[in-house]
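All remarks here apply to the structure that follows.
The values are calculated or read from the model by the stated rules, or taken from the named source; none is laboratory data. A quick note: this is a predicted structure, and the numbers were derived from the prediction, not measured. Positions of Cβ are backbone-derived with ideal geometry, glycine not excepted, and every protein chain shown enters the neighbour counts. Just so you know, the surface numbers come from the protein's heavy atoms only, side chains and all, with ligands and any DNA or RNA stripped out. Shrake-Rupley method; radii C 1.70, N 1.55, O 1.52, S 1.80 Å.
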Amino acid sequence: MKRSIISGSLVLLLFCFLQLTHAQSGSGPGSASIVIHADMGKEVISRHIYGHFSEHLGHCIYGGYWVGEESGIPNTRGIRNDIVEALRKTAIPNLRWPGGCFADEYHWMDGIGPRDQRPKMVNTHWGGVTEDNSFGTHEFLDLCEQMNTEPYICGNVGSGSVEEMSKWVEYINFDGISPMADLRRANGREEPWNVKYWGVGNENWGCGGHMSAEFYADQFRRYATYCRNYGDNRLLKIAGGANSTDYSWTETLMKNIPHSLMFGISLHYYTTDWSNKGSATEFGEDEYFDILDRCLKIEDALDRHMTIMDRYDPEKRVALIVDEWGTWHQVEPGTNPGFLFQQNTLRDAMVAALSLNYFNERCERIKMANIAQTVNVLQALIFTEEEKMLLTPTYHVFKMYKVHHDALLLPVVLESPDYEYNGMALPMISASASRSADGIIHISIVNIDPHQDNQLAIDVRGADVSSVTGRILTAEKINSLNTFEDPDRVRLAEFKDLSFARGMLQVTMPAKSIVVLEIE
Ligand code: AHR
């Protein structure tokens, strides 16, 4: 166990109101230690790591964000007010749209102009339903403006053309006189939107055209060339990256695409056993351990993709963009299998909290990540049912963790015992610390052990500490969840189990809990 002293006698004075009941900081099975080097931060955690993904899939857009202007559900220009308000509370930094697999069959011109004249199409990927295109470019960018979030648009490479993508960029971003800018004005929008984040295709190794990496890299070069910068706006182009551990895809893109042409390369990683997806709610410790083990393995995958990137780009000019991540369970019984609707439990919240800690730690290379998918699909933050709206355990993680947005990552030295199960082991504790512009230190801590509390000793070095407060997310069971009948079973609460002893902050991390501490 590491020993250290928090500087300043002020500490003792100001902590005198705290109990001294958790003075043990030994290294037994239920104890861990963290040293935070508060004066040694170098990299900023981009707020875009806390980004989102929303696709034309199931009830994410239709029946989710979009209810239409005529709806009795309170809305602004057809977009639900309660969702906008809830996501604003998480300070949602960006939103990726329109897919996913849908992006590579989406033709943007079908989604502009008077809604009743927009052509319909079949959403072949997701349930074979008819898409009436009533939610298109203007509606999406209106949603982003209402939420005060950066749009991240994914263009169609699989079934589109260079011309189509190039015209979409012109339509959205050109300020002068041109066919596309004039069309935008005719459709009611005078000013360009100055969209920055631009995806050039999605999963082009699979649903986006089943291309080889070499072929896609060449396509990227063509498409990216004609997606122009207009005015002062710099388009940050993102190449469609690898599926989880496909390292050769990343290597080929890094080798074959001039780095000046791209802002980043994406990566998709779901914590799923594709041959045997489990239930989102009916699971025991076997499945709990398995999903967390899969979640933990993203660390290795990230590090291996980044090692390849380092080889070609030691200065880290090309970002890694984890633009789809999260849990993917079986759909809820009785729901359309093509709609990917799954419930969300404390286990999902654990996956979110761990993943965000891992992304923070790698913020030198990871500049954006997007959980799949904000509303009613996969690891959603929000469920809707007619006029009702529900916040999931995952929502609460994003709300707690927003303190890390654009904060300075602080080095953390963590010693954790293991969470042991059936002869297997995972580190019990995960932690990530940052310092915000106003000097406040935040540390997000996860105890994944479903049975054991952890006595955690935190040593903050290089900063004077005067007060500590915290919030906690936990629940009775690993599969506890929120429902429309019982919407607050898993909710945030004030965290009080902290004290100060032996020069260190002593925290009792309850079993299966997520805590964010605020240290001033
Ligand atoms: O998020 C659901 C789907 O998962 C996306 O459309 C696709 O990109 C990925 O395979």
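Laid out as a table, the results:
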{"item": "Members of segment 463-488 that are within 21 Å of Ala32 (Cβ to Cβ) and surrounded by 17 or more Cβ atoms within 10 Å (Cβ to Cβ)", "result": "Ala463, Val465, Val468, Gly470, Arg471, Ile472, Leu473, Thr474, Ile478"}
{"item": "Failed item, numbered, when Glu287 is tested on (1) in a loop (DSSP other than H, G, I, E, B); (2) open to solvent by 10 Å² or more (accessible area, probe 1.4 Å)", "result": "(1)"}
{"item": "Scan of segment 252-290 for residues that are touching a residue at least 24 places away in the same chain (Cβ under 8 Å) and among the aromatic types (Phe, Trp, Tyr), ordered by number", "result": "Phe263, Tyr269, Tyr270, Phe283, Tyr288, Phe289"}
{"item": "Search result, residues across segment 252-284 that are more than 16 Å from the ligand (Cβ to nearest atom), within 30 Å of Val318 (Cα to Cα) and either in a loop (DSSP other than H, G, I, E, B) or open to solvent by 10 Å² or more (accessible area, probe 1.4 Å) (or both)", "result": "Thr252, Lys255, Asn256, Ile257, Pro258, His259, Ser260, Leu261, Met262, Phe263"}
{"item": "Among residues of segment 192-221, those that are surrounded by fewer than 23 Cβ atoms within 10 Å (Cβ to Cβ) and more than 16 Å from the ligand (Cβ to nearest atom), counted", "result": "13"}
{"item": "Matching residues in segment 96-124 - criterion: being assigned to a helix (DSSP H, G or I) and over 18 Å from Glu164 (Cα atoms)", "result": "Arg115, Asp116, Gln117"}
{"item": "Count of residues meeting criterion [assigned to a loop (DSSP other than H, G, I, E, B) and among the aliphatic types (A, V, I, L, M)] in segment 462-516", "result": "6"}
{"item": "Answer residue from segment 294-336, given it is in a helix (DSSP H, G or I), aliphatic (A, V, I, L, M) and open to solvent by less than 10 Å² (accessible area, probe 1.4 Å) and is farthest from Thr271 (Cα to Cα) among those", "result": "Met309"}
{"item": "Meets criteria (more than 30 Å from Asn75 (Cα to Cα), touching a Lys or Arg at 6+ places or on another chain (Cβ under 7 Å), among the aliphatic types (A, V, I, L, M) and open to solvent by 10 Å² or more (accessible area, probe 1.4 Å)) for Leu414", "result": "no"}
{"item": "Among residues of segment 458-476, those that are under 24 Å from the mean Cα position of the chain (by Cα) and farther than 13 Å from Leu517 by Cα, counted", "result": "2"}
{"item": "Residue that is most open to solvent (accessible area, probe 1.4 Å), among those in segment 337-358 that are within 14 Å of the ligand (Cβ to nearest atom) and not small (Gly, Ala, Ser)", "result": "Pro337"}
{"item": "Residue list for segment 394-420, filter: more than 30 Å from Arg461 (Cβ to Cβ) and touching an Asp or Glu at 6+ places or on another chain (Cβ under 6 Å)", "result": "Thr394"}
{"item": "Some residue of segment 2-25 being modelled with pLDDT of 95 or more, closer than 26 Å to Asp406 by Cβ and crowded, with 21+ Cβ neighbours inside 10 Å", "result": "no"}
{"item": "Filter result (away from the ligand (no atom under 16 Å from the Cβ) and open to solvent by 30 Å² or more (accessible area, probe 1.4 Å)) within segment 147-181", "result": "Asn148, Glu150, Ser161, Glu163, Glu164, Lys167, Glu170, Phe174, Asp175, Ile177, Pro179"}
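Residues are listed down the side, and each one gets a yes or a no for (1) of a type in the set (Lys, Arg); (2) more than 16 Å from the ligand (Cβ to nearest atom); (3) modelled with pLDDT of 95 or more; (4) open to solvent by 40 Å² or more (accessible area, probe 1.4 Å):
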{"position": "Gly78", "(1), (2), (3), (4)": "no, yes, yes, no"}
{"position": "Val84", "(1), (2), (3), (4)": "no, yes, yes, no"}
{"position": "Gly99", "(1), (2), (3), (4)": "no, no, yes, no"}
{"position": "Phe102", "(1), (2), (3), (4)": "no, no, yes, no"}
{"position": "Tyr106", "(1), (2), (3), (4)": "no, no, yes, no"}
{"position": "Met109", "(1), (2), (3), (4)": "no, yes, yes, yes"}
{"position": "Gln117", "(1), (2), (3), (4)": "no, yes, yes, yes"}
{"position": "Trp126", "(1), (2), (3), (4)": "no, no, yes, no"}
